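Nothing in this text is a laboratory measurement; each read-out follows from the coordinates by a stated rule. Keep in mind that this is a model prediction, so the values were computed, not measured. Glycine gets a Cβ as well: all are built from the backbone with ideal geometry, and neighbour counts include every protein chain shown.
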């Protein structure tokens, strides 16, 4: 449906955050349970654990259906209700990119595709895909060795203020 | 009578000279606090009790001589991190915390690095992000520990 140009983002403190533009304090506290499941979630602000603190590629799209990336080592799906002002993708003290995702209810996919080790200069890709959904559900669609989620995902987080 | 007047005049001139010297001294050598205040743009009070392990690292690094001031330099973060983390492997369940932070001009080669449990460190980073995102590159932020 819609895909924005790729952007580069420097990741710090091992987290990327997707949040509604109007969110005042988008970054959240992490508990051990959040670390194990790979994300923190609250209304309008989701932080995903990164696999490295480094310059990375960000790709954002809105699609009618999910199209899982074959090269992804991790795929996390969370509910996301977008606001009027679109969403922002950022990390700690880094660039902040805005996307005019239409207001609505979505499943937000976060997929991580590591840079091929044999190709020097390549960067890890983080794919964020918004799929319209009236009844979105959180789940780990693909997990790597770093994740060890409990039976029930923790869908509560507090802003780090 | 004339002699008494001359003595008073001399005393008055001496007093005025003394006042001028003292005032000049203050002007030429302002108190250290004024110097310190001019060297940063804002102070943030890091909540030690919420992120004790990251706070412990920051406190120890500053005590060991690292800068308590972060000059925000987003563009330098990637290169700084390559320099500060070179040769330090990752460790499961932990983050490699750097002080000064990589996104500070003071970071990079020689920064103090410590393994900190990921939940503590990522929460601390999130707190820093919420506090500092509004500041432009080049702003100098002083970190002070708060134990409240």
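With viscosity 0.890 mPa s and temperature 25 °C, the Kirkwood radius over alpha carbon pairs of segment B:39-146 converts through Stokes-Einstein to a diffusion coefficient of 178 µm²/s. For segment A:4-109, the Stokes-Einstein estimate of translational diffusion at 25 °C and a viscosity of 0.890 mPa s comes to 172 µm²/s, using the Kirkwood hydrodynamic radius over alpha-carbon pairs.
Please work out the FRET efficiency for the pair residue A:120 and residue B:94, using the Cβ-Cβ distance as r and a Förster radius of 25 Å; give the result to the nearest 0.05.
Details: r = 27 Å, r/R0 = 1.08.
Once rounded, the FRET efficiency stands at 0.40.
Sorted ascending by nearby beta carbons within 10 Å, beginning with the fewest, B:98, B:148 become B:148, B:98.
Of A:147, A:16, A:127, which has the largest mean-square fluctuation in a 10 Å C-alpha GNM of chain A? Between A:147, A:16, A:127, it is A:147 that shows the largest mean-square fluctuation. Eigen-decomposition of the gyration tensor built on the alpha-carbon atoms of the protein assembly as shown gives equivalent ellipsoid semi-axes of 51, 21, 18 angstrom, largest listed first.
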